[in-house]
Each structure stands twice: as C-alpha cells, then as structure tokens.
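First up is the structure itself, then whatever we jot down about it.
The values are calculated or read from the model by the stated rules, or taken from the named source; none is laboratory data. On a predicted model such as this, the values are computed, not experimentally measured, just so you know. Cβ coordinates were reconstructed from backbone atoms using ideal geometry, including for glycine residues, and neighbour counts include every protein chain displayed.
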Amino acid sequence: MDALVLRVALVVLAVTVPVWILLSLAIVVGRMRYERAHRGIRSTELTSREAARLVRRVSKRRPRTEWGRWRRVSALQRLEQVHHPAVPRLIHTVLADPDSRIAAAAIRTLGDIGDAWAIDLLVDALRRGNGQRSRVAAELERLAPAPGPKLLPLLRDWNPTVRFWGATLLRPYPELGDATLIDLTWDQDPNVRAAAVETLGTRSGAAVGAALLARLDDGEWFVRVHAARAAGHVLGAEAAPTITRHLAEERWWVRTAAKDALRAMGKDAVPSLLAVLVHEDSFARNGAAEVLQDVGFVDFLALDDPRSPLLQRIYDAGGEQFREAAEARIASIPVEVVRAA
Amino acid sequence: MTGTLLEITVLVCLGYLLVTNLAYVALVVVAFVENGVRRHEHASQDFDVLGESRFTIPVSVIVAAYDEETAIVASVESLLGLDYPEFEVIAVNDGSGDGTLERLVEAFELEPYQVFVRHVFPTEHVHAIYRSAAHPNLVIVDKENGGKSDALNAGLNVARYRYVCGVDADTVFDREALLMGMRRVVEDPARIIGVTSHLTIAEDPARAMAAPEGRRPIDRRPFMAYQHLDYLRAFFNNRLAWSRMGFMLCAVGAFQIWRRDVLEEVGGYSRTFTCEDIELTFRVHEKFLREGREYEILCLPDNVGTTEGPDTVRKLVSQRERWQRVINETVWHYRNMWLRPKYGNVGMIGTPFYLLTEVLAPVFEVLGIVSFVVAVALGLFDPAVFVVMLCAIAFLNAALTACAILLDDLQSRTYRLRDLVRMLVLAPLDLVLYRPIIVWARLKGTFRFLRGDKAWHKFERNARAPA
C-alpha cells in the first residue's frame, strides 16, 4: 500500500508544485505589467494594423463561443474610443446579436457616440427590441433633449411595448405630445396607460388633470398607483378628496401611493384627511392618521393643545403605538421650542 | 485483520481526496470561464448611466442587527453612502441588549413614527419604527428579539421596493455595491430572482474599505489572511462555477439580493434553521424547479464589501461550527432533491457535491488523519510516505488557492502586490496552520447537528480603536 500511496502522492506533487509556481509567477508578473501599463499615460491611438485586426474581429459572423462574442464587443469599444470610421457600419452587426448582453454593449457604445445617426439607431433598437429596451431607454434619456421629437412616432406604434417606452421617455419633454399621452391613458394595454399617466404627472393643465382623475378608477391596480401619485402632483389639494378615498383601497400598493400623494401635498391635505378619521375601514383611518403625523399636524396639535378632542380622534384612529410615538417625539423637543410654538 | 481494515480505510480516504479534488479542479475550470465573461460584462457596463437612470430598479436594503453597537453606525453609514439611484435602508434592531439602538438614534437623529405596514410575514412584536430627518431613505425598526430571520422578515414587511438586499451589520460596503449587484438584474428582472457577490474579510472592515482600490491591505496576521483565502476559494473557485452551471446553492447572508415577490411566495426567511441564507437559497431552488419555472440565481465576482472576520481561534470555531451545522441541516432537510433529475443540476450535481465536500468532509478528514497516524504507529505505513502525502495535499490546496487569487486579481486588482505575494506564500502552509482549526470546527458542528442544537452562538465582535 505504501508504494501505491507514494505513487499517487508523487504524481500529485509533480503536477501541483509546478502549477502553484507557474500560477504565482503569472499573478505577480501579470500584476506588475498591469501596474506599469496603468502608471504611464496610455496611448489611445491605434496603429493601422491593430485597427484592421479589430475591424476584422468585429466583422466576424457570430463567434461560436461567448468568450469570442465578448472579445468582439471589446474590439468595438476600442474602435469607438479612437472614432474609427468603420464603427457605424460595425455597430449594426453587434446590435443584432441575439445575446441581449452583447447587444447591450453596442447600445452603450451608441450612447457614448450620441450623434444623430446613433440616436436613430437607438430609437430603432427600441422599436425592434434589439437588446434590453430598458438599456436603450437609459441611453436615450441620457442624451436628452436631442432625441425628443424622434420619440413621438413611438406613441403610435402597433406594439404596446414600444408605446409604453415612448410614453415613458417623453417625461423630460413637457412641450411634447400632451394630447397623444392623454389619448394613451385610454390605451387597451394597462402598461401603456400606466406609463402615460406617470408622464402626465410631470405636466399641468385642466385636460391633464381630468385624464388623471379618470384613471384613479382604472381596472388595473398599478394604473391606479401611478394615477394617485400623478393626480396629487398635478392637481394638488384639489385632488385630495378623491385620493383620500383610495386610502381604503383593497390593494396595499394603491393605499401607499395615496399616502405618498397626500403626504406630498403637506398641510393642504389636512381637511380631507380629517374627514377620513371616522371612516368605516380601519386601513383608511390609520392611513389618514399616519399622513397627519407625517405632515406635522399631530405634533402641532400635541404642542398646541394636548387635550384637544381632534387630537384624541387622531390617536383613536392611529392606535396606542401611534400615540406613544407622538408622545415620544414631543418629549424629545426642547422646552424652548415648545414654548415658542 | 486490523492491518487490512486500516489499509481499506486509508484507500477510501485517498479515493475521497482524489474525487473531491478532481471536482474542485473541474469547478475551477468553469470558474475561469465565468470570471472571464463577467469581467468583460463589467468592463462594458456603464455604471454612470446605471447609477443615474430612473430605469434602474429600486432596492430596499435590510440590515439585521443584534448587539452590534460597535459596528452598526459604520455599516449603516456605508449603506447610506451607496451610489444608487433609488434605495432605502431598513435597519432592524432585533432586541439588542447593548447600545445598538441608542447608537443609531444618536448618529442619525432618529424620531419614532408610526408606520402602518403590511404584515406579510409574521414576526415578533415591533416596538417602534424610527425615521431620520437627515436621511429620508433610512428606516429603523426596533423589535423584540426573534433571531436574524425574524428581523429580516420584519424588514421585509416595511420594505417598499421590488428587490430587497439582505446584508449583515458587520459588513462595510463599496459605494457601487448595489450597482454591481443589480447590473445583471436590470437586464433581465423576469428571470434573475437572486444575486450574491464576492465579499472580502478583515478584522476591521471600515479601516480596510477606507483604503483605495488597488491598495487595500490584507490583515497582517496570518490567521486573518487564511480566512481571507478561505473566502476567495469559496467565492471564486466554487460559487462562480455553481452560478455558471445553474446551481448557486448559497446566496450569502452578508449580501443577498432577492426579488421580493419570490420571498413572499416561499414564505420569507425561515426561523427553524440555524442560519437563514443557505436554507432560503435551497428553498427557492426547490420550489422553482419543482414547478418547472425558469429562473437564475447568480454569484458575481465583483467585490462589494468587507465583512468582519473572527480575530481569535475560539470565535472562528464558533462561527464555522455554526456554518457546518446549517449546511448539514439544510442538505438533510432537502434530501428529496438528491440525485433527482427533476431538480436539474441542483439535484444531480449541486446537492451531491455539497454532501460530499461539506457534509461528509469532517468524517473523512478525521478518519483519514486517525487511520494514517495509527497505521504509521503500528508500522504498517512508512512515515516518510505520510509526509510526502501531506506535502501533496498541501500543494494541491496551494494550487487551488493560487487559482482563486488569480481569478480575484484579474477581476478587481484590489490588493497590493506585496499582499498578493504574501497570500501565495502562505497558501501551502494552510494545511498545517489553518485547516486543523476548520476540521475541528466542522467536527464540532456535525456533532451539534446530530444533537439537534440550533443555537446561533454568535461570536463576540472584534475590539476596535475608537474612531
């Protein structure tokens, strides 16, 4: 048995010792070369031979391995760094790669270029679904305001996903597409309705307000979530009575959106919230109490008149822990501040 | 008779050693491919765009803290400093007996507020929820002690976003940790349901993370350096390969990103196991594979942060025996997945690999050592051969460790050259200086598992110089 074990041990040693030494050398030498390369100023230029090699690598039809595809992407990015004239032609082939991660690298390159033709390609990629659409959208948004007018045709596309992205991307362009966006709040696809509502939330006007209020009763809960936030933003206190109704919603996310919208209105939401304190639904009551707490109304009342019946009503709606939290906050306020209040 | 028995035992242990190490070598080959692909991906990623885009998916970061007064403020500060477009930090004080809550209240000017949340996951009683005027995206939950899983579930109840990231309170994160963790999720949120990433280890994480990339020191003490090497092997040699092959079996507790609806589907973190991370990963695999759903759980090679490592042998044994216990508990609990084609690579490769290299390892390690020593003592075995065999194992480990160091350095170039050299030199001595401690801890963990012990045995935090 000694001989067998010894033979196995020697074979293992004969393999592992050289491997360990070689790997150690590779690590140390590789690291030294890396540091040397990064210490000096790196030349961004390419020799014509290097450029030709990189162009060949990118032009290759579908490398068989994932590794090969990434080498192709690196080559494209290197060519883009030196603004090589072949880049616009080459980028088409990489953008069409079925692997969305590879296409994403081409999308990033287009975003870095940012010229009119690059924007056209990005909009086209969004329409065709080359690469992840959220990646394309992020690049297009980075290039705002340049792509603005080119996004409008997306709102009329047959594909609801494209309409969704069109509506979403119009947010930084308040002067574009109001009427079409209002039309889209009645789109068949709920995602498109949600996107249109979200973008309209950054605009103003009576027509916009009316469209948003109408969507507060949408059949899809996530459209109602966007509608609550958007209506609060566009209409302010005018929308408060309608939004407070949604504190009693079945869906938790809609209730949260309603609370967010009311919170953002500040003290203007208080009259509507007080009316909900006696609502039959406990979620509506404690939601109203929570918003009153967050806008500072509870602390104001507790400082002003701790025995006020209104404060007691809010405490009743919020519960015992609500009262304890309020009392702890008030107790931590310095006496001078209380006196000043 | 004794001689024959010993010979058979030695041969079985030798066979075990060869099989497990061949499996490790195969995994390293896969890990090199995965690391290369991820490196290219990382290089082609525009983190500036990702960090500013409103299309980057928001994340709720949940940190559970129990008696973490020395580390909690640095940890929360590092989380609040994350470079990410939209996120919230939920720190859950799990009934700490020390000054954890007081430190938080003082450092972040907290005030109690009542927040009405969904009680999707049942938890111990929540005493209060605190908010900070200075940091609107910070929420502190103060609750009755119920263990880490219970604290994470309480955080989940408060979380507002679609993805949640569970982290440890003793970990300090890189500013781009969430961007690095979410970069693949953003590309395919329908499919990628879980992500973990590489973490390093240090005696004082805040100090280690304060050094710039490329200059991060490894702790001077070999004891800490060996733990660091252990982490490198686990992340680079194993988890990267598991991730590539579709059986990522452990999204580590110190940094685990999950899609929230998945956690709701599987019932959140379980309180019935010693630790929560590995069991949750197994549970998600089991459910999704049983239902034939497409999904991915990934391990990325990006270094997202530094976690605190035990600085004494006693603390290390306490930590590692707990890890061994939870591995045994989980692998045993999910024994219905072993070698079942229905469970794909998880059932056919992942669980048998875990069984062989983790659950059975302490048994074979002890059996091997004892039988070799007895065989030498009885004159059945030449001591010189025993020494040669030990050298062979030491260099086999050293070669695998060097692979992990190379993979790490190719990915991040985090450490100083002199530290890389030190780690390479320390690698062959691992077998005699570090491995015996781990063998002892694993044995102890196995023994406690057999006894049904499920206590946490948290190790006392390292002493630090005042900030």
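Things to note:
- Test: residue in region B:36-45 that is of a type in the set (D, E, K, R) and within 7 Å of chain A (Cβ to nearest Cβ): yes
Conditions (1) among the charged types (D, E, K, R); (2) within 13 Å of chain A (Cβ to nearest Cβ); (3) surrounded by fewer than 16 Cβ atoms within 10 Å (Cβ to Cβ), marked per residue:
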site	(1), (2), (3)
B:GLY81	no, no, yes
B:PHE87	no, no, no
B:LEU110	no, yes, no
B:PHE116	no, yes, no
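- Residue within region B:64-71 that is closer than 13 Å to B:LEU179 by Cβ and either charged (D, E, K, R) or crowded, with 20+ Cβ neighbours inside 10 Å (or both) present: no
- Conditions (1) surrounded by fewer than 19 Cβ atoms within 10 Å (Cβ to Cβ); (2) within 25 Å of B:ARG118 (Cβ to Cβ); number of the one not met by A:LEU310: (2)
- Yes/no for B:ILE62 being away from chain A (no Cβ under 14 Å), out of contact with any Lys or Arg (no Cβ under 7 Å at 6 or more places or on another chain) and closer than 30 Å to A:ALA284 by Cβ: yes
- Filter result for B:CYS250 (surrounded by 21 or more Cβ atoms within 10 Å (Cβ to Cβ), touching an Asp or Glu at 6+ places or on another chain (Cβ under 8 Å) and under 16 Å from B:CYS165 (Cα atoms)): yes
- You will find that of B:ASP170, B:ASP142, the residue that is surrounded by fewer than 24 Cβ atoms within 10 Å (Cβ to Cβ), in the same structural domain as B:VAL73 (by TED's automatic domain parsing) and under 16 Å from the mean Cα position of the chain (by Cα) is B:ASP170 and no other.
- Neighbours by Cβ (under 7 Å, 6+ apart or cross-chain): first from region A:320-341, at the interface with chain B (Cβ under 9 Å from one of its Cβ atoms) and farther than 14 Å from A:ASP299 by Cβ; second surrounded by 10 or more Cβ atoms within 10 Å (Cβ to Cβ) and at pLDDT 85 or above: A:GLN321/B:GLN114
- A:GLN188, sole failed condition from (1) surrounded by 15 or more Cβ atoms within 10 Å (Cβ to Cβ); (2) not in a helix (DSSP H, G or I): (1)
- Look at region A:154-180: where a residue is more than 22 Å from A:ALA207 (Cβ to Cβ) and touching a residue at least 24 places away in the same chain (Cβ under 8 Å) and a partner is in a loop (DSSP other than H, G, I, E, B) and of a type outside the set (A, V, I, L, M, F, W, C), sitting 6+ places away or on another chain with Cβ atoms under 8 Å, you get A:PRO160/A:ASP187; A:PRO160/A:GLN188; A:PRO160/A:ASP189; A:THR161/A:GLY129.
- Close contacts from region A:250-279, counting a first residue that is at positive phi and a second that is among the hydrophobic types (A, V, I, L, M, F, W, C), with Cβ to Cβ under 6 Å and a gap of 6+ residues or different chains, come to A:GLY266/A:VAL295.
- Which numbered condition B:ALA151 misses (of (1) within 14 Å of another protein chain (Cβ to nearest Cβ); (2) at pLDDT 95 or above): (1)
- Of all the numbered requirements in (1) closer than 28 Å to B:LEU199 by Cα; (2) out of contact with any helix residue (DSSP H, G or I) (no Cβ under 9 Å at 6 or more places or on another chain), B:HIS135 misses one, and that requirement is (2).
- Residues satisfying the stated conditions in region B:370-387, i.e. more than 8 Å from every other protein chain (Cβ to nearest Cβ) and free of Cβ contacts under 8 Å to residues at least 24 places away in the same chain: B:VAL370, B:VAL373, B:VAL376, B:ALA377, B:GLY379, B:PRO383, B:ALA384, B:PHE386, B:VAL387
- Test set (1) among the hydrophobic types (A, V, I, L, M, F, W, C); (2) surrounded by fewer than 23 Cβ atoms within 10 Å (Cβ to Cβ); (3) more than 13 Å from A:ALA9 (Cα to Cα) - B:ALA375 fails condition number: (2)
- Selection within region B:388-414 - more than 9 Å from every other protein chain (Cβ to nearest Cβ) and over 19 Å from B:THR357 (Cβ atoms): B:ASP408, B:GLN411, B:SER412, B:THR414
- Residues that are polar (S, T, N, Q) and within 30 Å of A:VAL28 (Cβ to Cβ) within region B:362-413 comprise B:ASN397, B:THR401, B:GLN411, B:SER412, listed in sequence order.
- Strands (runs of 3 or more DSSP E) completely within region B:90-163 that count 1 or more residues being in contact with a Ser or Thr (Cβ under 8 Å, 6 or more places away or on another chain): B:110-113, B:138-143
- You will find that of A:ALA240, A:ALA195, A:ALA288, the residue that is under 23 Å from the mean Cα position of the chain (by Cα), part of a helix (DSSP H, G or I) and buried (at least 19 other Cβ atoms within 10 Å of the Cβ) is A:ALA195 and no other.
- Flag if A:ALA37 is free of Cβ contacts under 8 Å to residues at least 12 places away in the same chain, under 30 Å from B:VAL10 (Cβ atoms) and more than 8 Å from chain B (Cβ to nearest Cβ): no
- With respect to the conditions (1) in contact with an Asp or Glu (Cβ under 9 Å, 6 or more places away or on another chain); (2) more than 25 Å from A:PRO174 (Cβ to Cβ), A:ALA96 lacks only one, and its number is (1).
- The set of residues from region B:378-410 being charged (D, E, K, R) and buried (at least 23 other Cβ atoms within 10 Å of the Cβ) comprises just one member, B:ASP408.
Let's see how each residue does on (1) buried (at least 24 other Cβ atoms within 10 Å of the Cβ); (2) aliphatic (A, V, I, L, M); (3) under 17 Å from the mean Cα position of the chain (by Cα):
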{"residue": "B:PHE255", "(1), (2), (3)": "yes, no, yes"}
{"residue": "B:LEU289", "(1), (2), (3)": "no, yes, no"}
{"residue": "B:GLU308", "(1), (2), (3)": "yes, no, yes"}
{"residue": "B:ARG314", "(1), (2), (3)": "no, no, no"}
{"residue": "B:SER318", "(1), (2), (3)": "no, no, yes"}
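- Filter result (away from chain B (no Cβ under 14 Å) and either outside any helix (DSSP H, G or I) or modelled with pLDDT of 95 or more (or both)) within region A:291-306: A:ASP305, A:PRO306
- Test: residue in region B:94-106 that is within 26 Å of A:LYS259 (Cα to Cα) and at pLDDT 95 or above: no
- Within region A:206-221, the set of residues being in contact with a helix residue (DSSP H, G or I) (Cβ under 7 Å, 6 or more places away or on another chain) and in a loop (DSSP other than H, G, I, E, B) comprises A:LEU216, A:ASP218, A:GLU220.
- Some residue of region B:55-71 being at pLDDT 90 or above and more than 25 Å from the chain's Cα centre (by Cα): yes
- Qualifying residue in region A:1-20 (condition: facing chain B (nearest Cβ under 8 Å), charged (D, E, K, R) and under 30 Å from B:GLU7 (Cα atoms)): yes
- Checking the stated criteria, A:ALA104 turns out to be touching a residue at least 24 places away in the same chain (Cβ under 8 Å), surrounded by 15 or more Cβ atoms within 10 Å (Cβ to Cβ) and aliphatic (A, V, I, L, M).
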